[in-house]
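Read the structure below first, then the notes.
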Amino acid sequence: MKKFKELSSIAIPFMRSNVDTDAIIPSREIKGVSKTGLSDGLFANWRYKNVEKREIDSSFIFNKERFTNAEILISGVNFGCGSSREHAVWALKEWGIRSILAISFGSIFFGNCVRNGILPITLSEEVIKEFISIAEDETSLNFFRIDLTTKSIFSPDNAEYNFDIIDSYADMLIEGLDPIGLTLKNKDEIDKFQREDVQKRPWVYI
Amino acid sequence: MQKTLFSKLWNQHEVLKQGSGMSLLYIDRIFLHERTGSVSLKELELKGRKIKNPEQVFCTMDHIVDTLPGRDDNTIMPSGRDFIVSTRDAANKAGINLFDIGNDKQGIVHVISAEQGITLPGLTQVCPDSHTCTLGALGALAWGIGSSEGEHALATKTLSVKRPKLMRVRFEGKLNQGVTSKDMILYLIGKYSASGGVGHAIEFSGDTINALEQESRFTLCNMAVEFGCFTGLIAPDQKTFDFVYDRPFAPKERDFENALVFWKKLYSDDDAVYDKEIFVKSNDINPQVSWGTSPGHVIDINGFIPNPDEISDLSLRSSCLKAIDYMDLKPGQRMDSISIDAAFIGSCTNSRISDLRDVAKLVKGRKVSSGIKAIIVPGSTQIKHQSESEGLDIIFKEAGFEWRESGCSMCFYVGGESFKNGSRVVSSTNRNFENRQGPGIKTHLASPITVAASAIKGKITDVRKI
Ligand code: SF4
């Protein structure tokens with residue numbers, strides 16, 4: 001997994017509530033048993049006027065030239081709610097998004113982000129609204145800088161905002177660690193738990 | 001200290017505390033399906049990792065497989081065959097339990113998991129599918145995960161989870177006629193929004209819940225995720241124990257007796273404390289129907305489409321406007337005046353035998369309004385067989401419904417089968433997102449009896465007026 005320490009990028013202001021994973025990657029855009037080849041289908045129902053013909057809707061924010069290289073996405077309440085499909089995260093990642101700032105997240109989506117090297121940041125409605133208005137200002141290139149080691153975000157005028165993320169998530173992102181490998185370091189504890197559990201709840205074991 | 005059901009379940013499965021509210025939880029059961037589970041199995045194999053306890057891992061074919069009679073590995077969805085074949089190969093290689101096409105245990109993952117006695121009270125269960133929360137209705141801690149977490153659970157039999165906050169939703173009082181558990185959950189989400197439960201696990205309780213049959217409880221917990229919750233839970237009671245008894249994978253005889261002793265302790269203590277509480281007077285609930293593109297966009301069957309101009313919050317107003325536009329409705333329009341093109345009864349929310357019996361009672365001797373495409377898809381092969389042995393299929397077909405093989409079917413669109421482009425569908429499913437059921441499809445969520453009544457009248461209809 002790619003390590004995440006610092007990120008400096010223009011941000012996409014996408015102030016919608018309850019953006020669901022069906023919208024992020026519609027089911028029919030998931031064509032095979034694979035984690036790749038998904039960015040073309042990202043927001044397909046909104047990005048294209050005609051999905052089959054791939055006719056671009058230039059008014060949709062992801063199609064604006066200004067945001068072609070954006071790595072930060074700002075959104076509203078409950079971003080990534082709905083279906084558990086990890087393809088939503090894979091598609092965003094393939095498109096280039098590395099951090100998502102929102103008022104709240106769908107809980108499965110949040111976990112999927114962390115496991116794929118995308119940093120999800122929860123911020124208050126007030127801060128999100130402030131960031132949205134900065135990001136919407138097209139008169140200058142508004143770069144936000146995120147420093148995960150200090151858990152801070154710097155707005156384009158260099159004001160510092162702090163955010164909170166669970167330490168183990170931050171470590172996983174910073175070090176690019178493999179969570180399965182990490183857990184298997186506790187293999188002895190897991191095996192011990194299981195041995196004792198078989199005694200306590202034998203009826204669980206098929 | 002007084003304990004909640006949730007904390008009992010959590011503590012019983014905690015292998016390690018990992019700081020900042022994270023715990024490594026032991027996972028009793030893992031369920032997979034051909035759409036997302038296949039990725040987990042494939043990746044695991046690529047990385048050369050083994051499944052820790054394959055005998056406690058289950059897999060079904062429900063999402064991509066066709067539901068037309070005579071189905072096989074070929075699907076209407078282009079490339080669907082790849083999902084099916086690769087899942088089958090990976091499942092067989094891994095030595096997990098597979099309910100393949102043609103197997104009489106096949107069905108929608110969350111339906112068969114309970115039906116086969118795979119989920120039991122007190123267990124932890126995960127599946128790379130968001131509606132795993134359905135099984136919380138058995139008093140199990142069950143929640144949806146992503147495919148990578150699926151790999152993690154398969155390889156280690158554990159998951160690192162941040163402990164959610166806990167909310168109790170109490171429903172008290174008798175339900176009105178024509179009101180089902182589907183209406184209860186739609187009402188809750190409509191009132192408190194699709195993000196009302198974010199960050200929380202939710203325990204449903206109260207005398208309305210106690211009075212619900214076990215199958216109706218699944219419907220309630222199924223849509224906990226539409227409320228934004230980590231999962232939903234209901235304390236198991238005698239109805240639950242009776243439901244579990246003698247199911248194929250459930251413990252038998254002495255084991256069952258021992259399990260019962262354990263299960264009877266699975267309830268929240270009287271003075272247990274919750275982070276948040278909601279109280280609902282069940283008597284206030286009428287049949288509910290969704291009008292928009294979020295499960296929070298819900299009103300009474302005799303209500304009116306909202307007016308965006310009356311919403312002060314900007315982002316809510318714009319989402320309301322977009323939804324009305326997508327759904328092609330007008331502010332102030334009466335819900336029970338809206339004509340439909342199609343009706344769908346099925347999905348992990350409402351496709352169980354009790355749902356189908358209720359629908360049969362209503363449609364018996366009646367006819368689906370002309371020009372309406374009406375479909376009933378049983379949630380499992382067992383339910384299909386049971387329905388046919390009771391003659392329900394004949395009633396459905398005589399009324400003009402299509403009767404299908406079990407699976408997710410048109411609950412969601414993968415590029416295969418759908419309704420005619422742009423159709424308005426009243427549906428017993430759980431999601432009304434844009435294009436969820438197909439290109440331009442306008443979904444109105446409702447209970448199965450509301451769907452059936454609407455199919456007969458050709459417009460959204462109050463089941464009490466039929
Ligand atoms: S029936 Fe619908 S909601 Fe349920 S598991 Fe299948 S696709 Fe998901």
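Which ones in region B:420-435 are at negative phi and either in a loop (DSSP other than H, G, I, E, B) or open to solvent by 10 Å² or more (accessible area, probe 1.4 Å) (or both)? Full working, then the answer.
Here is the first cut: in region B:420-435, the ones at negative phi are B:420-421, B:423-434.
Of everything in region B:420-435, those that are at negative phi and either in a loop (DSSP other than H, G, I, E, B) or open to solvent by 10 Å² or more (accessible area, probe 1.4 Å) (or both) turn out to be B:K420, B:N421, B:S423, B:R424, B:S428, B:T429, B:N430, B:R431, B:N432, B:F433, B:E434.
Identify, by number, the condition in (1) crowded, with 24+ Cβ neighbours inside 10 Å; (2) under 27 Å from A:S34 (Cβ atoms); (3) within 16 Å of the ligand (Cβ to nearest atom) that B:D66 doesn't meet.
For B:D66, the failing item is (1).
Given the criterion buried (at least 17 other Cβ atoms within 10 Å of the Cβ), free of Cβ contacts under 8 Å to residues at least 40 places away in the same chain and more than 9 Å from chain B (Cβ to nearest Cβ), identify the matching residue among A:S155, A:S140. Please lay out each step first, then the result.
Working: A:S140 fails: buried (at least 17 other Cβ atoms within 10 Å of the Cβ).
On inspection, the qualifying residue turns out to be A:S155.
In region B:391-417, which residue that is among the acidic types (D, E) and within 16 Å of the ligand (Cβ to nearest atom) is modelled with the lowest pLDDT? Even if it seems obvious, please write down each step before you answer.
Filtering region B:391-417 for residues among the acidic types (D, E) gives B:393, B:398, B:402, B:405, B:417.
Then keep just the ones that are within 16 Å of the ligand (Cβ to nearest atom); that gives B:405, B:417.
Numbers: B:E405: 98, B:E417: 91.
The selected residue is B:E417.
Could you tell me which residue of region B:35-58 is surrounded by the fewest Cβ atoms within 10 Å (Cβ to Cβ), considering only residues that are more than 9 Å from chain A (Cβ to nearest Cβ) and part of a loop (DSSP other than H, G, I, E, B)?
Here the answer is B:G48.
When residues of region B:402-411 are filtered for being surrounded by 24 or more Cβ atoms within 10 Å (Cβ to Cβ) and part of a loop (DSSP other than H, G, I, E, B), how many remain? So that I can check it myself, show each step before the final result.
Of region B:402-411, the ones surrounded by 24 or more Cβ atoms within 10 Å (Cβ to Cβ) are B:406-411.
Narrowing the set further to residues that are part of a loop (DSSP other than H, G, I, E, B) leaves B:406-408.
Number of matching residues: 3.
May I ask you to list the residues in region B:75-126 that are touching a residue at least 40 places away in the same chain (Cβ under 8 Å), farther than 28 Å from A:G111 by Cβ and of a type in the set (A, V, I, L, M, F, W, C)?
Answer for region B:75-126, where residues must be touching a residue at least 40 places away in the same chain (Cβ under 8 Å), farther than 28 Å from A:G111 by Cβ and of a type in the set (A, V, I, L, M, F, W, C): B:I76, B:I101.
Is it the case, given these coordinates, that B:V363 is of a type outside the set (D, E) and more than 23 Å from the chain's Cα centre (by Cα)? Even if it seems obvious, please write down each step before you answer.
Details: of a type outside the set (D, E): yes; more than 23 Å from the chain's Cα centre (by Cα): yes.
Yes.
Out of B:G150, B:G117, B:G178, B:G139, which single residue is touching a strand residue (DSSP E or B) at 6+ places or on another chain (Cβ under 8 Å) and more than 15 Å from the ligand (Cβ to nearest atom)?
Values: B:G150 fails: more than 15 Å from the ligand (Cβ to nearest atom); B:G117 fails: touching a strand residue (DSSP E or B) at 6+ places or on another chain (Cβ under 8 Å); B:G178 fails: touching a strand residue (DSSP E or B) at 6+ places or on another chain (Cβ under 8 Å).
Only one candidate qualifies: B:G139.
Does B:S347 satisfy the condition of being among the hydroxyl-bearing types (S, T, Y) and at pLDDT below 95?
no
So which of B:S389, B:S427, B:S418, B:S447 is outside the structural domain of B:I108 (by TED's automatic domain parsing), touching a residue at least 12 places away in the same chain (Cβ under 8 Å) and more than 24 Å from B:G228 (Cα to Cα)? Show your work before the answer.
Working: B:S389 fails: touching a residue at least 12 places away in the same chain (Cβ under 8 Å); B:S427 fails: more than 24 Å from B:G228 (Cα to Cα); B:S447 fails: more than 24 Å from B:G228 (Cα to Cα).
The unique qualifying residue is B:S418.
What are the pairs with Cβ atoms under 6 angstrom where one residue, in region B:452-466, is part of a helix (DSSP H, G or I) and the other, located anywhere, is modelled with pLDDT under 95 and open to solvent by 10 Å² or more (accessible area, probe 1.4 Å)? Sequence gap at least six, or different chains.
Going by the 6 Å Cβ cut-off, the qualifying pairs are B:A453/B:I466.
Against the conditions (1) in contact (Cβ under 8 Å) with a residue 24 or more places away in the chain; (2) surrounded by 15 or more Cβ atoms within 10 Å (Cβ to Cβ); (3) closer than 18 Å to A:R98 by Cα; (4) out of contact with any Lys or Arg (no Cβ under 9 Å at 6 or more places or on another chain), where does A:I12 fall short? Just the number, please.
Condition not satisfied by A:I12: (4).
Regarding B:S216, is this residue in contact with a Ser or Thr (Cβ under 7 Å, 6 or more places away or on another chain) and surrounded by fewer than 24 Cβ atoms within 10 Å (Cβ to Cβ)?
Details: in contact with a Ser or Thr (Cβ under 7 Å, 6 or more places away or on another chain): yes; surrounded by fewer than 24 Cβ atoms within 10 Å (Cβ to Cβ): yes.
Spelling it out, B:S216 is indeed in contact with a Ser or Thr (Cβ under 7 Å, 6 or more places away or on another chain) and surrounded by fewer than 24 Cβ atoms within 10 Å (Cβ to Cβ).
So that you can scan it fast, the table gives a plain yes or no per residue for (1) free of Cβ contacts under 8 Å to residues at least 24 places away in the same chain; (2) out of contact with any strand residue (DSSP E or B) (no Cβ under 9 Å at 6 or more places or on another chain); (3) open to solvent by less than 50 Å² (accessible area, probe 1.4 Å); (4) among the charged types (D, E, K, R):
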site	(1), (2), (3), (4)
B:E253	yes, yes, no, yes
B:A259	no, yes, yes, no
B:F262	no, yes, yes, no
B:Y274	no, no, yes, no
B:F279	no, no, no, no
B:S290	no, no, yes, no
B:E310	yes, yes, no, yes
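The values are calculated or read from the model by the stated rules, or taken from the named source; none is laboratory data. From a predicted model like this one, the values you see are computed outputs, not experimental measurements. Here Cβ is always computed from backbone atoms with ideal geometry, including for glycine, and neighbour counts include all displayed protein chains. Each accessible area value is taken on the protein alone, full model and side chains, heavy atoms only, with ligands, DNA and RNA left out. Shrake-Rupley method; radii C 1.70, N 1.55, O 1.52, S 1.80 Å.
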